[in-house]
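Working notes, structure below.
The values are calculated or read from the model by the stated rules, or taken from the named source; none is laboratory data. Please read these numbers as outputs of a predicted model, since none were measured by experiment. Positions of Cβ are generated from backbone atoms using ideal geometry, with glycine treated the same way; all protein chains shown enter the neighbour counts.
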Amino acid sequence: MKKYLGLILCGTIVLTGCTKVPKLQNGQEVVADVSGKQFTVEDFYASMRNVYGTTALVNMVDDYIISQELTEDMSKSAKTTASAQFKSYKSSLGDNFKNFLSQYGYTNEEDFEKDIIKNEEKQAVLKKYVNSTIKEEEINKYYNDNIYGEMTVRHILIIPEVKDTMSDDEKAKAKEEALAKAKLLINQLSESKDLEKDFTELAKKESNDTGSASEGGLISNFTNESGLVEEFFNASKDLEVSKMTTEPVETQFGYHIIYKVSQNEKPTLDSVKDKVISKLTTDALAKENATYVYWIGLREKYNLNIYDDAIKSKYNAIISQY
């Protein structure tokens, strides 16, 4: 919530700080005086420009870019997401919601929801731009390295009987005993004439995985995106169908013996291309300062030119950090 509020506040400082548009052709228009000292629109504009000028200009430019890039579908999606977020805020804050709005300068709920929508629209436009920067080589590389056909395996898990009260030596001994048991089961299965049948029965009897033991250790239709630990997935991937691991596979859960039931063909690139691009976009935006970097690129795409020397200097100093 704090991170999101920061985004909102960054966009509202200028909006709430100045509700009058300076008429630069009338630099002597007085906006205030104190003890006879008059402050003109020109004085006011110069002060605002020095403090908020770059932020205000960037907000204006970005708002224009959003208006040009946002499609009807993107707008609908942003409003749907924003509505869910708004309801979540209101529900979680309960009776404190009105105080929350007041604390952050909102006089009504509608303005707060509008800011959430605006932020979602901005994120949607940014994702659209990042999508457009993904190269075919990146797509092909990710597809070749990370897309696999679904596979089904059976496994037997032996969990070391380790307790927090044990000494390090006792814990090590428990691990050794679990490893030895896993190796013994592998030796037993290596003599099998009907490996899958015997593996299934042994998994029901010996596996410590309560989620799959009753089904003979069956884990169906998974890929590298299914949330299984890396060691387990890699061992399963490298196995031939109808074969089992000849050594126990160690993971954070214990020692696994894996039997490969089936392996589906890798899906075609065309069938998963949108998913690949989405993943690459998510990964790109997760990098440090990615939002700043890509918005700089998007402004360059629209040929941003800044003619005010002071604002231009500050803007260039900011973007040079990224």
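Restricting K273, K266, K237 to residues that are at pLDDT 95 or above and in a loop (DSSP other than H, G, I, E, B) narrows the list to K266. Checked against (1) in contact (Cβ under 8 Å) with a residue 12 or more places away in the chain; (2) over 30 Å from V162 (Cβ atoms); (3) not assigned by TED's automatic domain parsing to the domain that holds L57, L304 meets all criteria but (3).
I'd like the full set of residues that are in contact (Cβ under 8 Å) with a residue 60 or more places away in the chain and loosely packed, with under 15 Cβ neighbours inside 10 Å, limited to the range 208-223.
First pass over the range 208-223, keeping only residues in contact (Cβ under 8 Å) with a residue 60 or more places away in the chain: 216-223.
Of everything in the range 208-223, those that are in contact (Cβ under 8 Å) with a residue 60 or more places away in the chain and loosely packed, with under 15 Cβ neighbours inside 10 Å turn out to be S220, N221.
Taken over the range 242-268, the criterion of being over 21 Å from L157 (Cβ atoms) and either touching a Lys or Arg at 6+ places or on another chain (Cβ under 7 Å) or exposed (fewer than 14 other Cβ atoms within 10 Å of the Cβ) (or both) is satisfied by N264, E265, T268. Note on the range 276-322: residues that are surrounded by 10 or more Cβ atoms within 10 Å (Cβ to Cβ), assigned to a loop (DSSP other than H, G, I, E, B) and not aliphatic (A, V, I, L, M) amount to 5.
State whether the residues of the range 139-152 include one that is under 24 Å from K76 (Cβ atoms) and of a type in the set (D, E). Checked the range 139-152: no residue is under 24 Å from K76 (Cβ atoms) and of a type in the set (D, E).
Would you mention how many residues in the range 202-229 are in a helix (DSSP H, G or I) and under 18 Å from V249 (Cα atoms)? Can you show your working first?
Step one: of the range 202-229, the residues in a helix (DSSP H, G or I) are 202-206, 213-215.
With under 18 Å from V249 (Cα atoms) added as a condition, the list becomes 202-203, 206, 213.
Adding up the residues that qualify gives 4.
The single condition among (1) in the same structural domain as A84 (by TED's automatic domain parsing); (2) loosely packed, with under 14 Cβ neighbours inside 10 Å that F112 does not satisfy is (2).
In the range 39-84, of all residues being out of contact with any Gly (no Cβ under 9 Å at 6 or more places or on another chain) and not in a helix (DSSP H, G or I), the one that is nearest to D309 (Cα to Cα) corresponds to F39. Pairing residues of the range 113-136 that are farther than 12 Å from S77 by Cβ with residues that are among the β-branched types (V, I, T) and modelled with pLDDT under 95, at Cβ distances under 8 Å and at least 6 apart in sequence or on separate chains, gives D115/I8; D115/T12; I116/I8; N119/I8.
If you check K181, K163, K175, K171 for being more than 34 Å from the chain's Cα centre (by Cα) and not in a helix (DSSP H, G or I), only one passes: K163.
Do you know which residues across the range 254-289 are β-branched (V, I, T) and out of contact with any Ser or Thr (no Cβ under 8 Å at 6 or more places or on another chain)?
As a first pass, look at the range 254-289 and keep what is β-branched (V, I, T): 257-258, 261, 268, 272, 276-277, 281-282.
Those that are β-branched (V, I, T) and out of contact with any Ser or Thr (no Cβ under 8 Å at 6 or more places or on another chain): T268, V272, V276, I277, T281, T282.
Across the range 7-30, the qualifying residues are those that are of a type in the set (V, I, T) and modelled with pLDDT under 80, and the one among them that is nearest to K118 (Cα to Cα) is I8. There is at least one residue in the range 135-151 that is surrounded by 13 or more Cβ atoms within 10 Å (Cβ to Cβ), hydrophobic (A, V, I, L, M, F, W, C) and assigned to a helix (DSSP H, G or I).
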